[in-house]
Amino acid sequence: MSDPDPSGPEGDSQAERKMRFLFQLRTRGVTDPRVLAAMEGIDRGLFVRGQFADRAYEDTPLPIPCGQTISQPSVVGLMSQALEVGPRDTVLEVGTGSGYQAAVLSGLARRVYTVDRHRRLVVEAETIFQVLGLHNIIAQVADGSRGLPDQAPFDRILVTAAAEDPPGPLLAQLKIGGIMVVPVGQSDAVQTLIRVTRSQTGFEYDELRQVRFVPLVEGLGQT
Ligand code: SAH
């Protein structure tokens, strides 16, 4: 290996880029074999367009339309891992964004509902899900801070935008034994990723790590 540039020079083969991408995930703590396999199967390059497309395999968040961001791959991996998704689970993701996290969840769960407040993002993500044949994802335009009452309760809920507190409707839509992973804190500060586990008697909260997400905003977007 004579090339020290972790982002990969131009002309790198697809296989080399993929190996480097998976290696980066492992060194940053993504070790669950099911999560690694799901991420290996989804090409992040499809979810990043325009001037940032050539950085799709770097472990960095990148801008997407509507002023939002596609999360850093290692954070996608760590969140998916913390969610402990089983093959029979129904998952709700709040914050479709590019659709990348939903596509990864699609390989782990039976069914994935994903919602975003921006119609443009939902439409673009759906197009990619079709191309990839990910038929177990149902994408909808909705204010995810209210959850998805018609489909509730969920085995797992993943929120990929920062809330000041875990939204009450989402807690209410979590099954007993269910797990929710959500970044909590002020939108302009570093936030804490927390895992909420619902038991017969209440909710247990674990702090996982510091993260930085765009804010969870109530109501639908203009576009
Ligand atoms: N999971 C995405 C990244 C999400 S960025 C990916 O893999 O690319 C956060 C997303 O949350 C943005 O697209 C934003 O529009 C959305 N969002 C913010 N508040 C929301 C709300 N109340 N309901 C639904 N989506 C929301």
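The values are calculated or read from the model by the stated rules, or taken from the named source; none is laboratory data. Model, not experiment: these values are computed from the prediction. With ideal geometry, Cβ positions are generated from the backbone for all residues, glycine too; neighbour counts draw on all protein chains shown. Please note that ligands, DNA and RNA were not included when accessible areas were found on the heavy atoms of the full protein model with its side chains. Shrake-Rupley method; radii C 1.70, N 1.55, O 1.52, S 1.80 Å.
Between Ile138 and Arg120, what is 0.36 nm times their sequence separation minus the Cα-Cα distance? Round to one decimal in nm. If you can, show how the numbers build up before the last one.
On the way: separation 18, 0.36 × 18 = 6.48 nm, distance 1.53 nm.
Once the chain is fully extended between Ile138 and Arg120, it gains 5.0 nm.
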Counting only heavy atoms of the protein chains, get the accessible area per residue of the chain (1.4 Å probe) and round it to a whole Å² value.
49 Å²
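Could you please state how large a percent of the accessible area of region 9-211 is carbon and sulfur, counting protein chains only and using a 1.4 Å probe? Write down the numbers at each step before the final one.
Working: 4530 of 9300 Å².
Taking all protein chains in place, region 9-211 shows 49 percent carbon and sulfur surface.
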Compute the long axis of helix 73-82 from its Cα atoms, compare it with the longest principal axis of the Cα atoms of the chain, and write down the angle in degrees, 0 to 90, nearest 10.
40 degrees
Read phi for every residue in region 52-66 and hand back ³J(HN,Hα) as whole Hz from Karplus 6.51 cos²θ - 1.76 cosθ + 1.60, θ = phi - 60°, with x for Gly and Pro.
9, 4, 6, 9, 4, 9, 8, 7, 8, x, 9, x, 10, x, 6
Mean residue ellipticity (222 nm) of the chain, computed from DSSP H runs ≥ 4 via -39,500 (n - 2.57), nearest 500
-7500 deg cm²/dmol
Count the DSSP beta bridges whose two residues both fall in region 9-211, then state the antiparallel fraction as a percent rounded to the nearest 5.
45 percent
Using the Cα centre as the reference, give the magnitude of the dipole from point charges on the C-beta atoms of region 9-211 (Lys, Arg: +1; Asp, Glu: -1; all else neutral), rounded to the nearest 20 debye.
340 debye
Using modelled amide H (1.01 Å from N, peptide plane; none on Pro or chain starts), what sits under 5 Å from the amide H of Phe154, excluding residues fewer than 5 places away?
Leu174, Lys175
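Order the peptides 119-132, 172-185, 151-164 from the highest to the lowest mean number of other Cβ atoms within 10 Å of their residues.
151-164, 172-185, 119-132
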Mind ranking 214-223, 87-96 by how tightly packed they are, going by the mean number of other C-beta atoms within 10 angstrom, highest first?
87-96, 214-223
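Using C-alpha positions alone, give me the convex hull volume of region 9-211 per residue in cubic angstrom. Can you show the working numbers first?
Details: hull volume 23.8 nm³, N = 203.
Residue-normalised Cα hull volume stands at 117 Å³.
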Given points 7 Å out from each Cα along the Cα-Cβ axis, report the Val190 to Val217 separation in nanometres with one decimal.
2.6 nm
Subtract the Cα-Cα distance of Thr201 and Arg146 from 0.36 nm times their separation in residues, and report this length gain in nm to one decimal.
17.5 nm
Burial-style ranking of 61-67, 138-144, average other-beta-carbon count within 10 Å with highest first, yields 138-144, 61-67
Residue-ordered couplings for region 193-198, obtained by feeding phi - 60° into the Karplus form 6.51 cos²θ - 1.76 cosθ + 1.60 and rounding to whole Hz (Gly and Pro as x), are 7, 10, 10, 10, 10, 9
